[in-house]
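This report refers to the structure that appears directly beneath it.
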Amino acid sequence: MAPRLPLLLAALAVLAACSGGGSDGDDDGASLGDTAPPTKVTAPAPPATSPAGTGTVVVGRTTSQFSVTECQLEPSEDDATTLLTVTGAGTTANGVPFQIEVKRFATDSEVAETFTDTISYSDTARILQVQRFEVDGEVSDLRDPDARGTLLRVRPDGLSATGLAGPPGSGGDVTEGIVGFAVDATC
């Protein structure tokens with residue numbers, strides 16, 4: 001056993017040296033940084049009124065122009081539940097093509113009339129939706145519980161909207177991917 005004792009003592013000495021066993025005052029200066037609660041996502045200001053036949057969309061901090069491909073600001077004779085439809089297509093500054101569709105629907109039931117405003121934005125990397133509905137004057141938005149008014153602001157030659165967008169199914173407890181969203185379109 002005696003020949004193993006020097007080996008054991010040597011191994012313990014190496015481990016003690018490698019463990020850094022310094023005093024509490026030894027510090028490499030690194031920190032974990034400042035922690036702060038996440039910043040609340042807010043809707044951006046609406047873009048300026050677009051020239052005829054065009055639109056502007058703001059997704060997060062990115063602003064892109066698009067061409068209006070369909071513009072119906074009055075209820076359809078064929079479908080009285082569709083109150084308006086505006087669609088468009090464009091390309092982001094990074095060269096990514098996108099499509100946008102804005103719709104307002106109305107449904108009438110025995111209980112109450114419901115208005116639903118929906119904006120769908122899609123490009124090659126994502127699909128985003130903004131949706132708000134009103135039942136008996138009560139406005140609801142799953143992604144923006146503070147919303148109090150209708151989503152779409154309709155004018156004689158077009159519309160604008162601001163809100164919070166997210167992937168389909170987001171809202172409530174699912175807040176990942178929520179971004180500020182705004183659009184303006186002129187027929």
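Derived scalar couplings between HN and Hα for segment 119-134 equal 10, 10, 10, 9, 9, 5, 9, 7, 10, 10, 9, 10, 8, 9, 9, 10 Hz in order, rounded to whole Hz, by the Karplus curve 6.51 cos²θ - 1.76 cosθ + 1.60 (θ = phi - 60°), x for Gly and Pro.
As an equivalent ellipsoid, segment 68-121 spans semi-axes of 29, 12, 5 angstrom, where each value is the square root of five times an eigenvalue of the C-alpha gyration tensor, largest first. Within segment 88-172, the trypsin sites (Lys or Arg not before Pro) that combine a DSSP coil assignment with at most 11 other C-beta atoms in a 10 angstrom radius are ARG148. Taking 7 Å along the Cα-to-C-beta vector as the label spot, tell me the ALA52-GLU113 distance in nanometres, rounded to one decimal. In this crude spin-label approximation the distance works out to 3.2 nm. Taking amide H atoms as placed 1.01 Å from N in the peptide plane, the amide H of VAL68 lies under 5 Å from those of THR54, GLY55, each 5 or more residues away in sequence or on another chain.
With the alpha-carbon atoms of segment 54-177 aligned to their principal axes, the span from lowest to highest coordinate is 48, 38, 21 Å, starting with the largest.
The phi-based Karplus calculation (6.51 cos²θ - 1.76 cosθ + 1.60; θ = phi - 60°) puts the 3J(HN,Hα) values of segment 176-186 at 5, x, 6, 9, x, 9, 8, 8, 9, 9, 10 Hz, whole numbers, x for Gly and Pro. Derived scalar couplings between HN and Hα for segment 83-88 equal 7, 7, 9, 9, 10, x Hz in order, rounded to whole Hz, by the Karplus curve 6.51 cos²θ - 1.76 cosθ + 1.60 (θ = phi - 60°), x for Gly and Pro.
No lab work stands behind these numbers, since they all come straight from the coordinates. Just so it is clear, the structure is predicted and the values come from calculations on it, not from any experiment. Cβ coordinates were reconstructed from backbone atoms using ideal geometry, including for glycine residues, and neighbour counts include every protein chain displayed.
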